[in-house]
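K.L.:
Before we start, here is the structure in question, set down as structure tokens.
The values are calculated or read from the model by the stated rules, or taken from the named source; none is laboratory data. The structure displayed is predicted, hence computed values, not measured ones. Using ideal geometry, Cβ is built from the backbone for each residue, glycine included, and neighbour counts are taken over all protein chains shown.
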Amino acid sequence: MAIDYSGRFDILQACKSLAEKTKNGLIQVEDLDERMIDKELMTSCSEYPNPDLLIRTSGEQRISNFFLWQSAYTELYFPNVLWPDFGEAEYLKALTWYEQRQRRFGLRV
């Protein structure tokens, strides 16, 4: 569950922080990379890696500003069931669906 989290705000704050560090000479523009952005995100304090599977209940097929950066290679599952009704059976369906996915991490096969 995501409460009071904005992926866009998270990315914006990371960019502002890196811009400030660049302005102050702490880093060089040519040294900027994805790893640096990862470290500046609010979620960088988490011990958990980026999600492998994101389950969005209610049948809505959007991620609603959630983990925009972190979900680049996440598999997205959209069951047509509301959150209060999402129980063990639905969770097992999601895991079975995920198990059958061929993870490509952005590559075409």
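K.L.:
So Trp69 clears everything in (1) in the same structural domain as Arg104 (by TED's automatic domain parsing); (2) surrounded by 14 or more Cβ atoms within 10 Å (Cβ to Cβ); (3) part of a helix (DSSP H, G or I) except one condition, right? Which one?
P.N.:
Unmet for Trp69, out of (1) in the same structural domain as Arg104 (by TED's automatic domain parsing); (2) surrounded by 14 or more Cβ atoms within 10 Å (Cβ to Cβ); (3) part of a helix (DSSP H, G or I): (3).
K.L.:
Being out of contact with any helix residue (DSSP H, G or I) (no Cβ under 8 Å at 6 or more places or on another chain) and within 18 Å of Tyr73 (Cα to Cα) is the filter here, so list the residues in region 13-38 that pass it.
P.N.:
Asp33, Glu34, Arg35, listed by residue number.
K.L.:
Which residue out of Thr57, Thr43, Thr22 is assigned by TED's automatic domain parsing to the domain that holds Gly7 and within 22 Å of Asp4 (Cα to Cα)?
P.N.:
Result: Thr43 is the single residue among Thr57, Thr43, Thr22 that is assigned by TED's automatic domain parsing to the domain that holds Gly7 and within 22 Å of Asp4 (Cα to Cα).
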